Amino acid sequence: MNPKTAVRVLIAITLAPLMAIPAYNLREPPAREYALRLIKEKKTQRLQSLLFNADFVLAELSRLTWRLGWSIDPNKAIVGKDAWLFLGDKYAGNLSAHRQGQSVDDSRLAAKISVNLLSWERWLHQQGVRGFALVIGPDKHRVYRQYLPDWVNQGRPPRISGLVNGVASRLVCDPGPELARQSQAGLYPTYYRSDTHWNLWGAAISVDLLRHTLEGQGLKLTWQMPDPVATGLINKRSGGDLAGFLRIPAPIEEPDPLPLVYNTNHIQSVIRDLNTNEVLHADGYGQLQFPRQIVHVVTKGAANPLKVLWLRDSFGIGQSPLFSAHFEETIQIHWGWALGDKAEKLVELVRDHRPDIVIMTIVERAVMSDLLLTPPPQN
């Protein structure tokens with residue numbers, strides 16, 4: 001082979017993968033039509049992004065490595081045994097927190113948070129609130145420890161041990177041990193294999209434990225679920241946030257057990273923006289996603305004529321239909337917003353709306369937050 005031919009072959013070998021990427025991205029007619037429009041409009045940056053987007057290569061690589069037990073981005077998510085996915089250190093140092101367990105600093109912070117929770121309880125009682133509880137959304141690492149890689153599963157006490165066993169323990173609902181027990185019994189999963197969150201079955205177990213926490217404070221509640229909690233249907237669900245972090249292209253189908261709730265045909269919720277009164281949703285008692293504004297849920301047919309102020313995060317998604325089934329009104333706000341700026345929003349909502357119960361649902365990796373040290377008003 002002469003030198004010129006060799007150069008041409010080398011160039012062809014080098015450019016072939018680069019040309020294959022645009023060919024793949026333009027394989028569908030809508031993509032080709034979009035590219036022609038970008039050319040006509042001279043939007044070269046968007047055209048380059050369309051033509052040379054190589055995410056599909058990474059996705060195919062992730063499909064292979066995930067099944068082999070490897071992660072393409074362990075900072076976001078790691079792969080455990082039997083291809084279970086767990087959150088990485090990018091999110092509140094979640095992985096290291098479980099490897100290292102409770103520290104001396106954690107114990108001190110937990111003690112301070114516990115004392116502050118008791119201060120909030122006293123203030124809320126002065127405002128007419130009858131029940132107050134903190135529900136911890138357990139990190140999946142703690143519930144499904146048996147699926148963690150051996151180098152992660154060190155068996156150390158969780159960071160929240162001091163909070164769960166502290167002076168305010170009667171206000172703290174930690175479903176972790178019961179969720180782990182139910183999960184290991186092998187009847188139904190309580191978390192999604194490809195997601196950070198509990199499923200509806202796990203959420204139902206947490207809500208049932210919350211009932212016991214509130215009844216321990218003297219509230220008498222009517223319940224729409226059997227005791228112990230039972231399942232109704234077993235649906236299927238595909239995908240999850242952890243699978244998305246790793247760009248796994250094939251849907252990961254897994255069981256989605258639904259808790260048995262009585263009288264669902266008579267439960268009807270209307271969800272409004274609290275500030276504008278705009279109707280956001282009015283259909284059954286379905287799930288309410290991450291609250292990006294303050295929402296007011298009024299439910300006809302709820303088990304208890306009570307108003308709940310609910311400070312929550314994404315772990316409240318699974319709990320939300322069950323809250324609707326059991327409480328006539330819930331006002332929902334993200335806990336970080338409610339406790340920020342010296343808890344001004346929380347104080348305002350309590351004083352303006354006079355809830356019967358205040359509940360906080362906070363994911364475990366965030367519960368050891370300085371925001372929970374925000375004191376109540378002194379007057």
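The values are calculated or read from the model by the stated rules, or taken from the named source; none is laboratory data. Fair warning: this is a prediction, and the values are worked out from it, not measured in the lab. For neighbour counting, all protein chains shown are included, and Cβ atoms are generated from backbone atoms with ideal geometry for every residue, glycine included. For accessibility, only protein heavy atoms count, side chains too; no ligands or nucleic acids. Shrake-Rupley method; radii C 1.70, N 1.55, O 1.52, S 1.80 Å.
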Only one of these conditions is not met by VAL261: (1) exposed (fewer than 13 other Cβ atoms within 10 Å of the Cβ); (2) under 25 Å from PRO305 (Cα atoms); (3) not polar (S, T, N, Q). Which number is it?
(1)
Any idea which residue in segment 206-243 is surrounded by the fewest Cβ atoms within 10 Å (Cβ to Cβ), counting only those that are in contact (Cβ under 8 Å) with a residue 40 or more places away in the chain and in a strand (DSSP E or B)?
ILE234
Can you pull out the residues in segment 153-170 that are surrounded by 16 or more Cβ atoms within 10 Å (Cβ to Cβ) and in contact with a helix residue (DSSP H, G or I) (Cβ under 7 Å, 6 or more places away or on another chain)?
ASN153, PRO158, ARG159, ILE160, GLY162, LEU163, GLY166, ALA168
Could you look through segment 325-344, keep only residues that are within 22 Å of TYR285 (Cβ to Cβ) and among the aliphatic types (A, V, I, L, M), and pick out the one that is nearest to the chain's Cα centre (by Cα)?
ILE333
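Of all the residues that make up segment 158-205, how many are in a helix (DSSP H, G or I) and of a type in the set (Asp, Glu)?
1
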Quick one: is ASN116 surrounded by fewer than 20 Cβ atoms within 10 Å (Cβ to Cβ) and at pLDDT 95 or above?
yes
Scanning segment 264-303 for residues that are exposed (fewer than 15 other Cβ atoms within 10 Å of the Cβ), among the charged types (D, E, K, R) and within 23 Å of the chain's Cα centre (by Cα) gives ASP273, ASP283, ARG292
State which residue pairs qualify: first residue hydroxyl-bearing (Ser, Thr, Tyr) and inside segment 161-189, second residue open to solvent by 20 Å² or more (accessible area, probe 1.4 Å) and in a loop (DSSP other than H, G, I, E, B) in any location, beta carbons under 8 Å apart, and separation of 6 or more residues or different chains.
SER161/GLN102; SER183/PRO189
Do you know which residues across segment 185-214 are of a type in the set (D, E, K, R) and out of contact with any strand residue (DSSP E or B) (no Cβ under 6 Å at 6 or more places or on another chain)?
ASP195, ASP208, ARG211
So in segment 334-358, with the set limited to residues that are out of contact with any Gly (no Cβ under 8 Å at 6 or more places or on another chain) and either closer than 15 Å to VAL135 by Cα or among the polar types (S, T, N, Q) (or both), which one is surrounded by the most Cβ atoms within 10 Å (Cβ to Cβ)?
TRP335
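Does MET368 satisfy being open to solvent by 20 Å² or more (accessible area, probe 1.4 Å), within 19 Å of the chain's Cα centre (by Cα) and in contact (Cβ under 8 Å) with a residue 40 or more places away in the chain?
Here the answer is yes, as MET368 does meet what is asked.
Part of a helix (DSSP H, G or I) and either of a type outside the set (Asp, Glu) or open to solvent by 30 Å² or more (accessible area, probe 1.4 Å) (or both), is that true of SER71? Quick ask: steps written out before the conclusion?
On the way: part of a helix (DSSP H, G or I): no; either of a type outside the set (Asp, Glu) or open to solvent by 30 Å² or more (accessible area, probe 1.4 Å) (or both): yes.
Criteria not met by SER71.
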Quick one: would you say GLN268 is in contact with a strand residue (DSSP E or B) (Cβ under 6 Å, 6 or more places away or on another chain), closer than 27 Å to LEU214 by Cβ and at pLDDT 95 or above?
no
Note: among THR44, THR65, THR14, just one is at pLDDT below 80 and under 30 Å from HIS141 (Cα atoms), namely THR65
Okay, strands (runs of 3 or more DSSP E) sitting entirely in segment 244-350 with 2 or more residues that are within 26 Å of CYS173 (Cα to Cα) and free of Cβ contacts under 8 Å to residues at least 40 places away in the same chain, I get 295-300, 327-334
In segment 122-145, residue surrounded by the fewest Cβ atoms within 10 Å (Cβ to Cβ) [restricted to those that are under 24 Å from VAL363 (Cα atoms) and among the small types (Gly, Ala, Ser)]:
ALA133
